[in-house]
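Enquirer: Sharing a structure with you now.
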Amino acid sequence: MGSIKLEQVSKAFGEAVVIPSIDLEINNGEFVVFVGPSGCGKSTLLRLIAGLEDVSGGRIMIDGVDATEKQPSQRGLAMVFQSYALYPHMSVRSNIGFPLKMAGMDKAEIDKKVEDAAAILNLTDYLERKPRNLSGGQRQRVAIGRAIVRSPECFLFDEPLSNLDAALRVNMRLEITELHHKLGATSIYVTHDQVEAMTMADKIVVLNKGNIEQVGSPLDLYHNPRNLFVAGFIGSPKMNLLSGEPAAKYGATTIGIRPEHVALSTTEGTWKGKVVVAEHLGSDTFLHVQTEGVGLLTARVGGELPVRHGDTVYITPDEERMHRFDEKGMAK
Ligand code: ADP
Ligand code: MG
């Protein structure tokens, strides 16, 4: 239960083709993240799966059954949105129980399901409160609770953490991952944030202009990006991408070297440059270095490094960990 298969799924709004054609398999119990820049079609794809939009072509199979024409409520999915969409005049209890009430379930059964969900989400003490008396994180948990009570085969999350501040986002990220381990239901999670994708996903689907650039585990994408888009999108700080003469020397049109895969020296190395900005994080030092031959490079060094703006440094790439791309931007 909870497997989803997209077969040549496409979507156009009038003349505008947002999703040309997508094939994708999502296995039961997987946590799949759709990641890509804003406007690339992530929400549209999720809404197609949910049945909130009609496909322009192709089929959506859920548990081996063609669900393309099924109503959203018939698909066994539950969606959690970025805007929590809670009813302000209703208590947490009523908000979480709302879909069950709509489905005509009796009150005792609703209470039981709501209380079980509240226990999972640490909301037991807040059941009689109104949403305005909750923190952002708690409101998001209420929205998740409303999805949980429906016992869906698959949870669909559309940028659920975008409205939260950075610290809370990290917390909720852990909570959602933990919840996934507890419930074991398939989850599809949409975000533009590659860190969320890397930290939460079993499988990442990188989208760009409505096309899948690559599907893989976080470390697959990190170690073996198929093309320049994925190389530049996954990883923080971003991979250094160099073309022209320095790349030709390594037999490629473009070479990619991650900031953490260079050696730094103050006396010798492959590329000489001046430190433009030194970011001292304590755990790491990020150096943005204007080199003489290859432009601006970012280097990441573990721990503290007594290097400052204006210092001369040398950067040497670890050739074993260098990525090579051809003239079409595909990995060689
Ligand atoms: P993302 O979630 O990745 O930011 P969306 O799926 O929301 O992207 O949007 C993808 C593209 O589809 C955008 O160019 C957007 O303007 C367009 N789009 C989305 N919904 C509609 C709609 N109902 N009508 C017309 N264009 C739409
Ligand atoms: Mg979106």
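Read the figures in this text as sums done on the coordinates, not as results from a lab. Worth saying up front: this structure is predicted, and the values here are computed from it rather than measured. Counting neighbours? That spans all protein chains shown, and the Cβs are built from the backbone with ideal geometry, glycine included.
Enquirer: Filter the cross-link list Lys11/Lys328; Lys42/Lys238; Lys42/Lys113; Lys11/Lys70 down to pairs whose alpha-carbon distance in this structure exceeds 28 Å.
Expert: Distance filter (> 28 Å) returns Lys42/Lys113.
Enquirer: For Ala12 and Met102 in the same chain, what is the full-extension length gain: residue separation times 0.36 nm, less their Cα-Cα distance, in nm?
Expert: Contour length minus Cα-Cα distance gives 29.2 nm.
Enquirer: Tell me the net charge near Lys130. Cut-off is 13 Å between Cβ atoms, Lys130 excluded, with +1 for each Lys or Arg and -1 for each Asp or Glu.
Expert: For residues surrounding Lys130, the net value is +3.
Enquirer: How large is ³J(HN,Hα) for each residue in the range 83-89, as worked out from phi by the Karplus curve 6.51 cos²θ - 1.76 cosθ + 1.60 (θ = phi - 60°), to whole Hz, x for Gly and Pro?
Expert: Going residue by residue, I get 7, 4, 6, 8, 7, x, 8 Hz, with x marking Gly and Pro.
Enquirer: Read phi for every residue in the range 297-304 and hand back ³J(HN,Hα) as whole Hz from Karplus 6.51 cos²θ - 1.76 cosθ + 1.60, θ = phi - 60°, with x for Gly and Pro.
Expert: Calculated HN-Hα couplings, in order: 10, 10, 10, 10, 10, x, x, 9 Hz.
Enquirer: Can you give me the long-range amide H partners of Ile204? Hydrogens built in the peptide plane at 1.01 Å from N, cutoff under 5 Å, separation of 5 or more residues or another chain.
Expert: It is Val33, Gly216, Ser217, by chain and number.
Enquirer: I would also like to ask the following. Once you put a point 7 Å from the Cα of Thr312 and another 7 Å from the Cα of Glu25, both along the Cβ direction, what distance in nm separates them?
Expert: Distance between label points: 5.8 nm.
Enquirer: Also, I was wondering about something else. Compare the peptides 221-230, 320-329, 255-264 by average per-residue count of other Cβ atoms within 10 angstrom and give them in order, highest first.
Expert: So the order, starting with the most tightly packed, is 255-264, 221-230, 320-329.
Enquirer: While we're looking at this one, here's another question. Measure off 7 Å from each Cα along the Cα-to-Cβ vector at Arg321 and Asn163, then give the distance between these two points in nanometres to one decimal.
Expert: 4.0
Enquirer: Using unit Cβ charges (K, R positive; D, E negative) and no other charged atoms, how large, in debye to the nearest 20, is the dipole of the range 115-203 about its Cα centre?
Expert: 240
Enquirer: Rounded to whole Hz and in sequence order, give me ³J(HN,Hα) for the range 9-14 from the Karplus expression 6.51 cos²θ - 1.76 cosθ + 1.60, θ = phi - 60°, writing x for Gly and Pro.
Expert: Going residue by residue, I get 6, 10, 8, 10, 9, x Hz, with x marking Gly and Pro.
Enquirer: Looking at the chain, send over the antiparallel percent of its DSSP beta bridges, to the nearest 5.
Expert: Around 75 percent of the beta bridges assigned by DSSP in the chain are antiparallel ones.
Enquirer: While we're on this one: Just to be sure I follow: if Rg is taken over the C-alpha atoms of the chain and Rh is the Kirkwood radius over the same atoms, what is Rg/Rh?
Expert: Rg divided by Rh gives 1.06.
Enquirer: Next up: Which FRET efficiency, nearest 0.05, do Glu292 and Arg129 yield, Cβ-Cβ r, R0 45 Å?
Expert: Computed FRET efficiency for Glu292 and Arg129: 0.15.
Enquirer: Using the basic label-point model (7 angstrom from Cα toward the beta carbon), what is the Glu279 to His89 distance in nanometres?
Expert: For the pair Glu279/His89, the computed spacing is 4.7 nm.
Enquirer: Mind checking the angle between helix 136-148 and the chain's longest principal axis? C-alpha axes, 0 to 90 degrees, to the nearest 10.
Expert: Helix 136-148 and the main axis of the chain meet at about 60 degrees.
Enquirer: When only Cα pairs under 8 Å and 6 or more residues apart are kept, what is the percent relative contact order across the range 174-332?
Expert: That works out to 20 percent.
Enquirer: First check a/c for the range 113-202, with a ≥ b ≥ c the square roots of the eigenvalues of its C-alpha gyration tensor; if it is under 1.5, answer rounded, and if not, answer prolate when a/b is larger than b/c or oblate otherwise.
Expert: Here the range 113-202 falls in the oblate category.
Enquirer: For the range 237-325, what class follows from the C-alpha gyration tensor (a ≥ b ≥ c being the square roots of its eigenvalues): rounded when a/c is under 1.5, otherwise prolate if a/b is larger than b/c, else oblate?
Expert: Prolate shape, in that a/c is at least 1.5 and a/b is the bigger ratio.
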